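Please read the structure below before turning to the comments.
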Amino acid sequence: MVRKYPLFLILFVLSAIAVHAQDAGEPPVFEEFCLKGEFDLGWRLQGTKPEAGEFYPTEWCVISSKDSPNVRFSGKGRSNPDMESTFTVVYLPPNMVRIVNEGPQPDLEFREAIVGAEAIAVRRLDPKRIAEEIEANPGWVISKSGNGMIEVRFPGSRFVSTVSIVDSSAISFYTDVDLPLRGRVRAVWEWKTEGEEYGARVTMTVDGMVVYRAKSTRRVLSAESASKAFEPAADEPEAVSIPGKAWPARVAMNLKTIEKGVHIVRNVRTGFHHFVVETNEGLVVADAPAGWVELHQLPPSDLVPGLGISGLSERFIDFLGGHFPGKRIRSVILTHAHDDHSGGARAFAAAGAKIYAPKGSSGFLQTALNRKEMPADRLSASGRKAEVTPVEGRFTMTDAARPVEAVSLGPNPHVDSMLGVFLPKQKIFFVSDIHVPGSDAPAPEANRAVSECFFASWAVENLPVGTRIFNSHSSQVTTVELMKKWTESERCSEQRAVSSER
Ligand SMILES: [Zn+2]
């Protein structure tokens, strides 16, 4: 009988019942759980060097309730050493999410974005929510031991995790995780109470190393501050509405041709753009994306779920196969050793491509890409190894129509060693994380000035006049002429003064 009714009508009736049920009972009680501490970007391979031990301060807060799917997450800290960011995301499942901007900037509302699973993963930052979830879903439990250890498989996870619960809160969480450039390793979260006054000590250990340490605090919000957390303030400008399909955490590849034989593949992962050049010997590609694991989520989930370490690059290669039938991939240029840019290189090795990387990190990448603990992928099925060729200075891949140069940018604020890709005949340059500009911005952004002023000076010195610069994280195209204006800007002059004092 139900089948006679369209799905939207059923959903409407169900949601009406849900709203009614909530109206009839008590309003949900929201709690704020905060972590203030430091995170090892070097371990996450987002530091300036590939090694572990580069800790940077972070602050994470999650507001959630036992009785509501709504979650608010705010984070403060660095995702890279050269860039600090502060952001707040309000999840209103099933299909709304809002980025909260402070001050006069309007909020961004993504409508018809499917965010239920992401909201649940964010809630798990709070150990109380983990305990509640397990209690509410006895079907997830595999076994319970006498000493309070519970073996559980969360939906969508490949791994069985072990959780210990005391007084309705998780105190430890053990799981395996598959990490780019590391393979399968053990991750452990521990929440240790140190007495009321100081709150709890929280640590995350991966593969035996502490990668996150923080103090936690918890408070119950009043009904008024809870509603403020989820509703835009009355005096704020109206939010900008964005179609839900633009929300990150998805693969939506599309090919944009810049000119004959030169392309950008956009949204290999939302906001990640890749460079593709056709030569007589095959395609030259810049950067090999990996499945990305967000470590604050429990269990860690890929931003592109289900694709694993090599899966995202394997999909990218299949996409190229569809667009360029019969063309092999000649080489992949890894711009730098950060896991999101080089962690998928095994897929390119399996496709027979030669791998180039900056000399400073090529040894590390050679080892990291061939670790024994890597989960099964196309490369393991082929029985081959990934071979990484170091590039120092400039290296040219010859071609009659489109020679391609891998160009070293040297040590910079983003990472110790880095390559860009230059087409001397077309005067096109592709650069990754060091430069994500506004199109006609007169000067770099304040929070990125260190990197952007570095790049502007480098571009003026190393690229010919008339070169168009494309980058890995925006659709903007800039010119060397604009970079020259930037170097002369007040912000970059201040930046030069600061760096010469060091
Ligand atoms: Zn990077």
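The values are calculated or read from the model by the stated rules, or taken from the named source; none is laboratory data. Bear in mind that the values here come from a model prediction, so they are computed numbers and not experimental data. Note that each Cβ is placed from the backbone with ideal geometry, even for glycine, and that neighbours are counted across all protein chains shown. Protein only, heavy atoms only, side chains kept; ligands, DNA and RNA dropped before computing areas. Shrake-Rupley method; radii C 1.70, N 1.55, O 1.52, S 1.80 Å.
For Ile114 and Ser227, the FRET efficiency from 1/(1 + (r/R0)^6), where r spans their Cβ atoms and R0 equals 25 Å, is about 0.55. Sorted largest first by accessible area at a 1.4 angstrom probe radius, with every protein chain in place, the residues Val100, Val71 fall in the order Val100, Val71.
A simple packing score, the average count of other Cβ atoms within 10 Å per residue, orders the peptides 132-139, 408-415 as 408-415, 132-139, with the highest score first.
Scalar couplings 3J(HN,Hα) for the stretch 56-65, obtained by applying the Karplus form with A = 6.51, B = -1.76, C = 1.60 to θ = phi - 60°, are 10, x, 9, 9, 10, 10, 10, 10, 8, 9 Hz; x denotes Gly and Pro. With a simple spin-label model that places each label point 7 Å from the Cα along the Cα-to-Cβ direction, the separation between Asp167 and Thr270 comes to 3.8 nm.
Based on the alpha-carbon gyration tensor of the stretch 181-290 and its eigenvalue square roots a ≥ b ≥ c, which shape applies: rounded if a/c is under 1.5, prolate if not and a/b is larger than b/c, or oblate? It comes out oblate by the Cα gyration axes. Applying 1/(1 + (r/R0)^6) with R0 = 51 Å to the Cβ-Cβ distance of Gln105 and Ser380 gives a FRET efficiency near 0.60. Couplings 3J(HN,Hα) for the stretch 140-145, derived from phi with the Karplus relation 6.51 cos²θ - 1.76 cosθ + 1.60 (θ = phi - 60°), are 7, 6, 8, 7, 10, 9 Hz, where x marks Gly and Pro.
Taking a point 7 Å from the Cα of Arg371 along the Cα-to-Cβ direction, the residues of the stretch 340-362 with backbone N closer than 19 Å to it are 340-350, 361-362. Packing order of peptides 46-59, 347-360, 385-398, highest average first: 347-360, 46-59, 385-398 (average count of other Cβ atoms within 10 Å over each peptide's residues).
Taking only protein heavy atoms and a 1.4 Å probe, the accessible area of the stretch 397-444 is 56% carbon and sulfur.
Against the compact-protein benchmark of 2.2 N^0.38 Å, the Cα-based radius of gyration of the chain scales to 1.04.
Quick check on the stretch 96-213: take the gyration tensor over C-alpha atoms, sort the square-rooted eigenvalues as a ≥ b ≥ c, and tell me if it's rounded (a/c under 1.5), prolate or oblate. Because a/c hits 1.5 or more and a/b exceeds b/c, the stretch 96-213 counts as prolate.
Using a 1.4 Å probe, what is the accessible area per residue for the chain, in Å²?
Working: 23200 Å² over 502 residues.
Accessible surface, normalised per residue, equals 46 Å².
Using the beta-carbon distance between Arg394 and Lys256 and R0 = 25 Å, what value does 1/(1 + (r/R0)^6) give for FRET efficiency, to the nearest 0.05?
Details: r = 27 Å, r/R0 = 1.06.
Plugging the Cβ-Cβ distance into 1/(1 + (r/R0)^6) gives 0.40.
Sequentially through the stretch 394-405, phi angles give Karplus couplings (6.51, -1.76, 1.60; θ = phi - 60°) of 10, 10, 10, 9, 6, 6, 5, 8, 9, x, 10, 10 Hz, Gly and Pro residues having no value and appearing as x.
For the stretch 329-387, what's the relative contact order in percent, using C-alpha pairs closer than 8 Å and at least 6 residues apart?
Working: 72 pairs, mean separation 22.4, N = 59.
Reported as a whole number, the value is 38 percent.
Projecting the Cα atoms of Cys61, Thr279, Thr48 onto the charge dipole of the chain (Cβ charges, centred on the Cα centre) puts Thr279 farthest toward the positive pole. Around the amide H of His273, modelled in the peptide plane, lie the amide H atoms of Asn267, His473, all under 5 Å away and 5 or more residues distant in sequence or on another chain.
Per residue of the chain, what 222 nm ellipticity follows from adding -39500 (n - 2.57) for every DSSP H run with n ≥ 4, rounded to the nearest 500?
-7000 deg cm²/dmol
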